[in-house]
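The values are calculated or read from the model by the stated rules, or taken from the named source; none is laboratory data. Here the structure is a predicted model, which is why all the values come from computation and not from measurement. Cβ placement follows ideal geometry from the backbone for every residue including glycine, while neighbour counts extend to all protein chains displayed. Calculation scope for accessible area: heavy atoms of the full protein, side chains included, ligands and nucleic acids excluded. Shrake-Rupley method; radii C 1.70, N 1.55, O 1.52, S 1.80 Å.
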Amino acid sequence: MHIKKLTLKNFRNYAYEEFSFSGGVNVLYGKNAQGKTNCAEAVFYLCAGVSPRAKKDRQMIMAGQESAYIRADAETRFGSICIEADIFENRREIRVNGSRIAKNADLLGNINGVFFSPSELRLVQDGPDERRRFLNVSISQMSKSYYTALVRYNKILEQRNALLKNRDVSLIFETLPVWDVQLCRYAAELAMRRAEYIAMLAPFAKEKHAFLTDGAETLEISSDKHYGDDKEEIEKRLLAEFEANYEKDVKLGFTTVGPHRDDLKILINGTEARVYGSQGQARTAALAIKLAEVEIFQKTAGESPVLILDDVMSELDLARRRKLLAEIDGIQTILTCTHTEKVLFGKAVNKIRIVGGKIKR
């Protein structure tokens, strides 16, 4: 799987530009604030339907313009594919091979992408929200049923939380069981898929981390919650948990248990990375997790995803740079940096220099 061509129009600081990518390493280089990360963002947006940076799509529209347009032409093991997105102030239109899609689930899985930047340290250092977001974005690209369950779960959860704020307590206790039956059906799907994903992620991440650290450190990943071994068992346990927390939920005005509260445990040498890990340890752990994500895509989809590495090399020492380059050999990679000669060690790559939102030819 690789992107051959990327077109940007009125996207961030790009008025109009076309990128031609090779199937190997593609290096976008230039001074800071020229548009390298913007290009990387566009690629991942067409893969996952979400920006790794912007909270609102309209933030990606060039200042003074009414809309932005991005397009990727790619080759997969199933043949050629074209994905286009028109982004407007309050809406967007996405097309796959010319056909408009009605929901984001129909975009996922066409071009798989893994994104890593220095800000991904949040995955290790920040609260559970970041780790759940990682799981949701990654699993959704592999499983449309997971994404659909996630959307429906969040909608029902929103309605349940609104009910918990009602002043009529008797109405709350009367109505909660109705919502919980629906909520647990989708919650069980999320919990089961996450458990399967983490079971694949943990050994791959441990292996990648050992490679990056020369075996000096051990990375362990696990879920902080085990609901059961099959969907029916998970559903029953979740239903019991929701019921056991009725009074607490009513008192606080929101749902205190469920997959939307679960976390991913990340340990380095047996200690919690978020609390005790250094900046360097967190960076290496996060990178190992992303490289493990690449392995999972290869295993489940039968081909490598597009790997997007935004300003990663500047954060790594020489030994880890070399190891990373060895690890991504044979995978289409879009890598951004300021000085190619300092990070590539003479490796043959497709170099693209960016100056002020334009390719400098």
Next on the checklist: List the residues, sorted by chain then number, that are 5 or more residues from Val50 or on another chain and whose placed amide H is less than 5 Å from its amide H.
Outcome noted: none
Next on the checklist: Nearest 500 deg cm²/dmol is fine: what mean residue ellipticity at 222 nm does the chain get from its DSSP H runs of n ≥ 4 alone, each adding -39,500 (n - 2.57), divided by its residue count?
Outcome noted: -14000 deg cm²/dmol
Checklist entry - On the first, second and third principal axes, largest extent first, how far apart are the outermost C-alpha atoms of the range 240-308 in Å? => result 46, 34, 21
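What does the charge dipole of the range 186-235 about its Cα centre add up to, to the nearest 20 debye, if the Cβ of each Lys and Arg holds +1 and the Cβ of each Asp and Glu holds -1? Intermediate values should be presented prior to the final figure.
Details: 6 positive and 12 negative charges, 45 e Å.
So the dipole magnitude of the range 186-235 works out to roughly 220 debye.
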Checklist entry - Under 5 Å between amide H atoms, partner at least 5 residues away or on a different chain: which partners does Arg353 have, H built in plane at 1.01 Å? => result Tyr29, Lys360
Next on the checklist: In whole Å, what are the extents of the chain along the principal axes defined by its C-alpha atoms, from largest to smallest?
Outcome noted: 70, 52, 36
Item to check | Calculated from backbone phi, Karplus (6.51, -1.76, 1.60) coupling profile of the range 77-85 in Hz, x at Gly/Pro | outcome: 5, 9, x, 6, 8, 10, 10, 10, 9
Next on the checklist: Given the options Val151, Ile81, Ala210, identify the residue whose Cα lies farthest towards the positive end of the charge dipole of the chain (+1 on Cβ of Lys, Arg; -1 on Cβ of Asp, Glu).
Outcome noted: Ile81
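Please report, as a whole percent, how much of the solvent-accessible surface of the range 255-326 comes from carbon and sulfur atoms (probe radius 1.4 Å).
On the way: 1190 of 2700 Å².
In the range 255-326, the share of accessible area belonging to carbon and sulfur is 44 percent.
Among residues other than Ser20 whose Cβ falls under 9 Å from its Cβ, what is the net charge (Lys/Arg +1, Asp/Glu -1)? Present the calculation step by step, with values, prior to reporting the outcome.
On the way: positive: Lys4, Lys5; negative: Glu18.
After counting each charged neighbour, the total is +1.
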Checklist entry - Membrane-span-like helices in the chain: DSSP H runs reaching 24 Å or more (Cα, own axis), mean Kyte hydropathy at least 1.0? => result none
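Using the heavy atoms of the protein chains alone and a 1.4 angstrom probe, what is the accessible area of the range 164-302 per residue in square angstrom? Each step should come with its number before you reach the end.
On the way: 6850 Å² over 139 residues.
Heavy-atom accessible area per residue stands at 49 Å².
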Checklist entry - With the other protein chains left in place, how much accessible area per residue, in square angstrom, belongs to the range 18-68 at a 1.4 angstrom probe? => result 42 Å²
Checklist entry - Rg to Rh for the range 96-197: what is it, with Cα atoms only and Rh by Kirkwood? => result 1.07
Item to check | Column: log10 I(q)/I(0), Debye, Cα scatterers of the range 215-266, q = 0.22 Å⁻¹ | outcome: -0.88
Checklist outcome for this item: Given Cβ charges of +1 for Lys and Arg and -1 for Asp and Glu, the option among Val294, Val349, Thr333 whose Cα lies farthest towards the positive end of the dipole of the range 286-353 is Val349
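Taking the Cβ of Gly258 as the center, what net charge do the other residues with Cβ under 15 Å away carry, scoring Lys and Arg +1 and Asp and Glu -1? Walk me through the numbers before you get to the answer.
Numbers: positive: Arg132, Arg152, Lys155, Arg160, Arg185, Arg193, Arg194, Lys225, Lys236, Arg237, Lys248, Arg261; negative: Asp129, Glu158, Asp180, Glu189, Asp224, Glu235, Glu241, Glu243, Asp249, Asp262, Asp263.
Summing Lys/Arg as +1 and Asp/Glu as -1 gives +1.
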Next on the checklist: Under a Cβ-only charge scheme (Lys and Arg +1, Asp and Glu -1), can you give me the dipole magnitude of the chain about the Cα centre, in debye to the nearest 20?
Outcome noted: 1320 debye
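Which net charge results when you count Lys and Arg as +1 and Asp and Glu as -1 among the other residues whose beta-carbon is under 10 Å from that of Lys9? If you can, show how the numbers build up before the last one.
Numbers: positive: Arg71; negative: Glu17, Glu18, Asp86.
Residues close to Lys9 contribute a combined charge of -2.
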Checklist entry - So what are the ³J(HN,Hα) numbers for the range 330-336, from phi and the Karplus equation (6.51, -1.76, 1.60; θ = phi - 60°), rounded to whole Hz, Gly and Pro as x? => result x, 10, 5, 10, 10, 10, 10
Item to check | Student exercise, the range 247-361 dipole from Lys, Arg, Asp, Glu Cβ charges, in Debye to nearest 20 | outcome: 600 debye
Checklist entry - Can you list residues whose amide H is under 5 Å from Ile61's amide H, if they're 5+ apart or on another chain and H is modeled 1.01 Å from N? => result Arg12
Next on the checklist: Whole-Hz ³J(HN,Hα) for each residue in the range 248-262, computed from phi via Karplus 6.51 cos²θ - 1.76 cosθ + 1.60 with θ = phi - 60°, x for glycine and proline: what do you get?
Outcome noted: 5, 4, 5, 5, 8, x, 7, 7, 8, 10, x, x, 6, 10, 6
Checklist entry - Taking Lys165 as the anchor, which aspartates and glutamates have their alpha carbon closer than 19 Å to its alpha carbon, excluding any fewer than eight residues away along the same chain? => result Glu174, Asp180, Glu243, Glu247, Asp249
Item to check | Among Ile101, Met313, Val114 - extreme Cα towards positive end, dipole of the chain, charges at beta-carbon | outcome: Met313
